[in-house]
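The values are calculated or read from the model by the stated rules, or taken from the named source; none is laboratory data. Small disclaimer: the values here were computed from a predicted structure and weren't measured. Heads up, the Cβs are rebuilt from the backbone with ideal geometry, glycines too, and the neighbour counts pull from every protein chain shown.
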Amino acid sequence: MTQNRSLFILLSGRGSNFIAIHEHIQKGELKATIAGVLSNLFDAPGLLKAKEFGYPVHVVAHKGMERRAHELEVEKIIDRADPAFIVLAGYMRILTADFIRKYKHQILNIHPALLPSFPGVHAQKQAWDYGVKLSGCTVHFVDEGTDTGPVILQRVVPVYDTDTVEDLEARILEQEHQAYSEAIDLVLRGGWRIEGRRVIL
C-alpha cells in the first residue's frame, strides 16, 4: 500500500508558508501532495494562490457559528481528504481540545520564535523588545496549550543591534519557509516517536 504523504492546509491570510511548501513540492524537494486548502475567510489571499495552483479550495466561514460547530464542518472536509497531516499556515482560529484530540500528532504548526520563549502573538516583537541576541522559528505538533506541543525542528536566527522589528520578522520568515518543509519531510518519513515532550526522529 502506498504511504499517505498528503497534507491539508488551514490558513486565514496570505499563506506565505503554504506557498513555500507548494514550491518545495514543485521542485521535488518535498515528496508530498496537498489534498486541499481551507480558510475561515472568503477573502484570504492564500486561497487565491491555492486556486491558481489548482488545489481543492474550501471556505467554512466562522462568523455566526459556535466554535465547535464550525470545527465539525471543517472536520468533515478534512476527513474526506484523509491527509497524513494537517498543516497550519497562519490559521487564526483557536482549535478546541476535541479537534486536537481527534487529530492527535497529526497537526503541525510553525511559530516565529524559539519555543518555549515568546509563545502567542507578536512573537518577533516580543523577542525584539526583550533584547535577545538569538531568535528563530519552531515547528511543533499542536497540543491543547498555546504553542506548547512537542518540538520537531527549530532554526536559529541572529538578532542584530541594528535590527528593526520588521528586519527580524523578515529574517525569521525566510527561515520559516525552509524549516516547515524540512519538518514535514521528517514526519512524513515515519519512524519517529514521542517520548514525553521529545520528538525522537
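Observations, loosely collected:
Matching residues to (1) crowded, with 22+ Cβ neighbours inside 10 Å; (2) in contact (Cβ under 8 Å) with a residue 12 or more places away in the chain:
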residue: GLN106; (1), (2): no, yes
residue: HIS111; (1), (2): yes, yes
residue: HIS122; (1), (2): no, no
residue: SER135; (1), (2): yes, yes
residue: ASP147; (1), (2): no, yes
residue: VAL151; (1), (2): no, yes
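- Residue that is among the acidic types (Asp, Glu), assigned by TED's automatic domain parsing to the domain that holds SER117 and closer than 19 Å to ILE21 by Cβ, where the choices are ASP163, ASP185, ASP143: ASP185
- For segment 159-191, a residue qualifies if it is over 14 Å from the mean Cα position of the chain (by Cα), farther than 19 Å from LYS125 by Cα and either crowded, with 16+ Cβ neighbours inside 10 Å or touching a residue at least 12 places away in the same chain (Cβ under 8 Å) (or both), and the qualifying residues are LEU186, LEU188, GLY190.
- Selection from segment 116-161 of residues that are aliphatic (A, V, I, L, M) and under 17 Å from ILE200 (Cα atoms): VAL139, VAL142, VAL151, ILE152, LEU153
- Segment 62-84, subset surrounded by 20 or more Cβ atoms within 10 Å (Cβ to Cβ) and touching a Ser or Thr at 6+ places or on another chain (Cβ under 8 Å), residue farthest from ASP143 (Cα to Cα): PRO83
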